[in-house]
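Take a look at the structure below.
The values are calculated or read from the model by the stated rules, or taken from the named source; none is laboratory data. What you see is a predicted model; the values in this text were computed from it and never measured. Positions of Cβ are backbone-derived with ideal geometry, glycine not excepted, and every protein chain shown enters the neighbour counts. Areas reflect the complete protein model, heavy atoms only, side chains present, ligands, DNA and RNA absent. Shrake-Rupley method; radii C 1.70, N 1.55, O 1.52, S 1.80 Å.
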Amino acid sequence: MQRQPARAVRSPCAALALALLCTGPWRAAALAPWGQEAQCEVCKGFLDRFYNSLKEKHSDFTMATIEKELVNSCMDTKGKEHRLCYYIGATGDAATKIIGEISRPMSAHVPVSKICEKLKKNDIQICELKYERKLDLNSVDLSKMRVAELRKILDSWGEVCRACIEKTDFVNLIKELAPKYTLTNPKSDL
C-alpha cells in the first residue's frame, strides 16, 4: 500500500487557525478582534487627561506629586470617572488604595494604555467602566423614555425636578432646559 501525501489546507478558517498555532499566542493577540480598542475607555480617557494636565502645569513627575494631584483631580469627578477614582483608591471612602500602581509608571512616562492594562490585572472592574452614550434630544422621543432615564438626563445636567409628579412634567422640564445644555452649533468630526 502506498502512502497518500498530506493534503493542503483549503479552508481560510483552517489556514488562519494553523497560522496562529504555528506563530504562537503573541501573534494571536495582535490579530484580536477590532472591538478591543473600546476596553478601558474611562481609564484611558481620565488618565490621559490627567497626564496632559500634569504636563501643562509643568509639574515634576515624582510619585508623591502624582498621587497628590490624582487625589485632587478625583475630588471634582462625577459619574463613571468618580467610580474609577473609587476603584483606584483616590476617594476618601475607597476600601483599597492602588494609587501607587498609577503613580509609579506615570512617573516614568509609561503610556496610559499600558497603565490601564496593568490596572486591569489588579481589578477587572476598572476596564469594564464605559462612558454613558450621548443622547441626541432632537432625534429621541422623550415621551417614550422611562422616568428613570429622564431623571438620569436631568442628573447629568445637575438639575433636579422637585415638583415633577408625572412623566409629562419631566419631559416638559427637559424640553425647557435642553437649549441651555445642548450645543447650538455642533462641530462635525473630521
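Here the dipole of region 86-149 is about 240 debye; that uses its Cα centre as origin and unit charges on the Cβ of Lys and Arg (positive) and Asp and Glu (negative).
Protection proxy ranking of 99-105, 174-180, by the mean of other Cβ atoms within 10 Å over each peptide's residues and highest first, is 99-105, 174-180. Each other residue within a Cβ distance under 12 Å of residue 128 adds +1 if Lys or Arg and -1 if Asp or Glu, for a net charge of +2. Value of Rg to Rh for region 61-190, rounded to two decimals, is 1.09; Kirkwood radius and Rg both from alpha-carbon coordinates. Can you figure out the FRET efficiency of residue 161 with residue 130, using R₀ = 25 Å and their beta-carbon distance, to the nearest 0.05? Here the calculated transfer efficiency is 0.40. Efficiency by 1/(1 + (r/R0)^6): what FRET value for residue 147 and residue 118, r their Cβ-Cβ distance, R0 = 45 Å, to the nearest 0.05? Given R0 = 45 Å and the Cβ-Cβ separation, E is 0.65. Summing charges over all other residues whose Cβ lies under 13 Å from the Cβ of residue 171, with Lys and Arg as +1 and Asp and Glu as -1, gives 0. Looking at region 65-134, the accessible area is 60 square angstrom per residue; that uses a 1.4 Å probe and ignores ligands, DNA and RNA.
Taking all protein chains in place and a 1.4 Å probe, what share, in percent, of the accessible surface of region 57-188 do carbon and sulfur account for?
Carbon plus sulfur share of accessible area: 51 percent.
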